[in-house]
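The values are calculated or read from the model by the stated rules, or taken from the named source; none is laboratory data. Since this is a predicted model, take the numbers as computed values, not measurements. As a convention, Cβ positions derive from the backbone with ideal geometry for all residues, glycine included, and neighbour counts pool all protein chains shown. Heads up: the accessible areas ignore ligands, DNA and RNA and are worked out on the full protein's heavy atoms, side chains in. Shrake-Rupley method; radii C 1.70, N 1.55, O 1.52, S 1.80 Å.
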Amino acid sequence: VLSDYLFTKLPDNDQIKIPAKITLYPELGLGLEDLYKVTVTGDLLGESNAFLVSENNQLYGIFNLVKDATKNKEYYLVAQQGNLIPNAPSNRNCRFLFFKKSVSDYFYRIYHSDKPLTPVSLDYFAIDIDEIEFKHLEQTNSILAIDFGTSNTSAGAYLSSNYVATPCHNDLINNRIRLNEINFVKFLNLDQQTHQWFEVLPTIVYVADCAKDTDIKYLFGYEAKNQIRQNNYHSTATFFQGIKRWVNDYHKFEEISDEHGNTARIARSKIIKAYLQHVIEKAQYQFKCKFAKIHVSSPVKLKQQFLQMLQTLLGKNYQIETTEMLDEGLAVLYNTIANQIENNRFIDGQEYKALVIDCGGGTTDLSSCAFTIERGFISYKIKIHTTFENGDTNFGGNNITYRIMQFMKIVFAHYYKKHRQIIDIDSLIPLSENDIFRHVDEEGVLLVYENFEKAYQEAEKIIPTRFKDYENRAQEEFQRVKNNFYFLWEIADNMKKEFYQKTSILRSRFDSTEINDPESDLQITTLKTWRLSLLKNGSFHDTYDFPEVVFNIKEINKLIKGDIYEIVRKFLEKFYENRELQEYSIIKLTGQSCRINIFKEALKEFVPGRSIEFKQKAHQNEAVPELKLACLRGALRYLNSKINGDIEATIINEIPIMPYSITAFTFDKQEKVLLSSLEKMHHRQGFISKPLGSREVKFYLKNQKGDLVQEYTYENDMTDYQPTSPELLVEKFQEIIPQEDTDTIQNGEARFFLTPDEGRWGFRVIPITRQKEQLYLGIIKYFPFENDLSELDFFDGLK
């Protein structure tokens, strides 16, 4: 068509302006982030196609003009991957052909039609380009570091001046790449027609198309969030949040569906792999290179599980960093250590002790560290002793979102039931805000929220959100309840961010129109529609009226104060009572949730006047707090220092304290403790004896209070046992199982030895038996202390 039907070259009178030089990577396409702008004066063009052609109209690429959301008459050149000729030569005699909308539509129909269309004479604008350059991606030796989070994920790399032979000059000009610095990957959010770039990507996966089991299409991050919102939370498509929680059970299958009713079964591992691959591809796109080396920070107690999962999912295509792999807490600590070296704020050889409280989206961990810094002859020598002290896999930023969601649900239910009456936070938590810490100390956190939880249960009768309970009901009812949950969750999460990221916002409400008053402390969150399904007399009806309810920061602070103090108290009370806190010169708060001032207020109950590293830098982008990026920055600084050789680091991981006990029952119903809590996970072992023919052996995991947390079943099969000898057992389990414990095994007896697995935050069962005086060894099985990263799933439909 380009050869035969181009008819009239239209005069543009210098009204269409394009960049002087464009660099194209056929493997990547061209995106909004490349910032190749086309400026159009007047009404010559709108959003349409554009073609890159040689002087004899040989086609090199198919482009789209995408309007700039903020500026009139400005467009971006965009090309999908696959729409650029892979082996096109760099050519100075190229031009862009632009078309009016009707001609562009004709080309679109030709491209997608199976039948030839009626030939027409095509008018066009032709603009010569000074220089066009086609390049192919180079592989870099730089390591891509990923902070895979429960709620948000970030990625980045240290890009030296020679990370590739020739960095993309366009990206250098636009500051998309900064040489000899840490560069964070920026992810595009096209929400509400705005182009916003963030250094985090929501950890959300949305099933866009599962018609073909072998070619499932997903949306990730902001695209997934926006699609869910666009569908008013009513889509039948499956979406997943918190996929990081699957680390111990990533082989399990999930039932999925798309918007068109197609269904499929897929392994969790493929979903995680698709998400991580998307993050890697975005990094390769921004930095214009291929990464071969990947570093993924892991939770401190699940380091080995994460490493095993990553090698399984990505090991064939990438080299996963293993020897220098840092856990999340240590990465944050190293960032602090690097700052001390950079600012020369250390005494040579002096030991410093630090505590790191990392409150992320789904979990909170406490790590301690003792370190020394010595100025050596050719490098700094750092020795780090680190210990995982404690953790709560069930507390993180999502808990705060959920608490706000609960409050909203109570307030809205009361508002609609009581004819626009507003319920007060003081009637739900009838304590003075100043007394909450003391009340948690004396009565426990559950009593603080006793009335609140009762009110939440009553609100379920008006605005139901437990969609799991509606799975056996009509599809319409199930979707209404599911919509209620996700709608309330979304607006609660947005309100949390508004209150704790913008210090000028003291009040917030929802409406369909925005009020722009920079002097006002009232934040109007604009929503296209408001829709909640209310239950009345056993039937649902929708309400579309925006409630005249204003939430203020004071009541939200009171709402979450008890929860935050409880998690800090849980972590620090032992240190406080043992007077160990005075030994720590640094208390480090990290993770997005830790920017809430109540964390610091709670810490002061235990460490008044101590050095708490907490505050944001004044120039930091409020949308992505530095606290979130501390882990990623620390990992990259460590990796780069090791590569450059300016720092020699020795990391010693001390043996952690085991917060659980494992028990089993003897044949006469006596409970036997096999592993005790609050003891170091080092060569501890206990055993339970059973007849060899026992098919199942049950073990019980209990917390420090003696409450049952989890039950495990070891499936015993006599055919799995292999002959062994005392010498081989001593060699294999040296310092783990004493020889006298195997020498005394009777014929027909099977002893199931339990030993903590220091590297994997769990325990192993080692079965040994004797038959006709011959020793046999069964299959050794590992059991994690926590099956998922968090036992608490906010998206299970039971909240």
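State the dimensionless ratio Rg/Rh of region 309-459 (Rg: radius of gyration of Cα atoms; Rh: Kirkwood radius). Spell out each step's value before the answer.
Details: Rg = 23.6 Å, Rh = 20.0 Å.
Computed over Cα atoms, the ratio is 1.18.
Give me the Å³ per residue figure for the convex hull around the C-alpha atoms of region 180-254. Working shown, then result.
Details: hull volume 11.0 nm³, N = 75.
Convex hull of Cα atoms, per residue: 147 Å³.
Nearest 500 deg cm²/dmol is fine: what mean residue ellipticity at 222 nm does the chain get from its DSSP H runs of n ≥ 4 alone, each adding -39,500 (n - 2.57), divided by its residue count? Provide the component values of the computation, followed by the final result.
Numbers: 18 runs with 215 residues, N = 799.
When only DSSP H runs of four or more count, the value is -8500 deg cm²/dmol.
Which FRET efficiency value, to the nearest 0.05, is calculated for GLN139 and SER585 with the Förster distance at 25 angstrom and r the Cβ-Cβ distance? Kindly include the intermediate steps, with their values, before the conclusion.
On the way: r = 43 Å, r/R0 = 1.72.
Efficiency, from the Cβ-Cβ distance: 0.05.
What are the extents of the Cα atoms of region 681-751 along their three principal axes, in Å, largest first?
Dimensions of region 681-751 along the principal axes of its Cα atoms: 40, 29, 18 Å.
What is the calculated FRET efficiency for LEU2 to PHE795, with r their C-beta to C-beta distance and R₀ = 41 Å, to the nearest 0.05? It would help to have the intermediate numbers written out before the result.
On the way: r = 51 Å, r/R0 = 1.23.
Calculated value: 0.20.
Quick one: accessible area per residue over the chain, 1.4 Å probe, rounded to a whole number of Å²? Walk me through the intermediate numbers first.
Details: 36700 Å² over 799 residues.
That works out to 46 Å² for each residue.
How much of the DSSP bridge set in the chain is antiparallel, in percent, rounded to the nearest 5? If you can, show how the numbers build up before the last one.
On the way: 122 of 159 bridges.
Beta bridges within the chain, antiparallel portion: roughly 75 percent.
Pop out the carbon and sulfur fraction of the accessible area of the chain as a percent, whole number, probe 1.4 Å. Present the calculation step by step, with values, prior to reporting the outcome.
Working: 16720 of 36700 Å².
Summing carbon and sulfur atoms, their accessible area is 46 percent of the total for the chain.
Across region 104-249, how large is the tail of the calculated P(r) beyond 19 Å, expressed as a percent of all Cα pairs?
Everything past 19 Å amounts to 72 percent.
Round to the nearest 0.05 the FRET efficiency obtained for ILE378 and ALA165 when R0 = 35 Å and r is the Cβ-Cβ distance.
Details: r = 29 Å, r/R0 = 0.84.
That pair, ILE378 with ALA165, gives E of 0.75.
If you build the convex hull over the alpha carbons only and average its shadow over all orientations, what do you get for the chain? Give it in nm² to one decimal.
42.5
Which order do the peptides 202-213, 13-24 take when ranked by the mean count of other beta-carbon atoms within 10 Å per residue, highest first?
On the way: 202-213: 19.3, 13-24: 15.8.
Descending packing order for the listed peptides: 202-213, 13-24.
Would you calculate the volume per residue, in Å³, of the smallest convex hull containing every Cα atom of region 378-496?
Working: hull volume 25.8 nm³, N = 119.
Measuring per residue, one finds 217 Å³ for the Cα hull of region 378-496.
ARG265 to GLU711: extension gain in nm, 0.36 nm per residue of separation minus the Cα-Cα distance?
Working: separation 446, 0.36 × 446 = 160.56 nm, distance 2.75 nm.
Gain on stretching ARG265 to GLU711: 157.8 nm.
Assuming 0.36 nm per residue, please report the length gained on full extension of the stretch SER427 to ASN578 beyond their Cα-Cα distance.
Numbers: separation 151, 0.36 × 151 = 54.36 nm, distance 3.79 nm.
Fully extending the segment from SER427 to ASN578 adds 50.6 nm.
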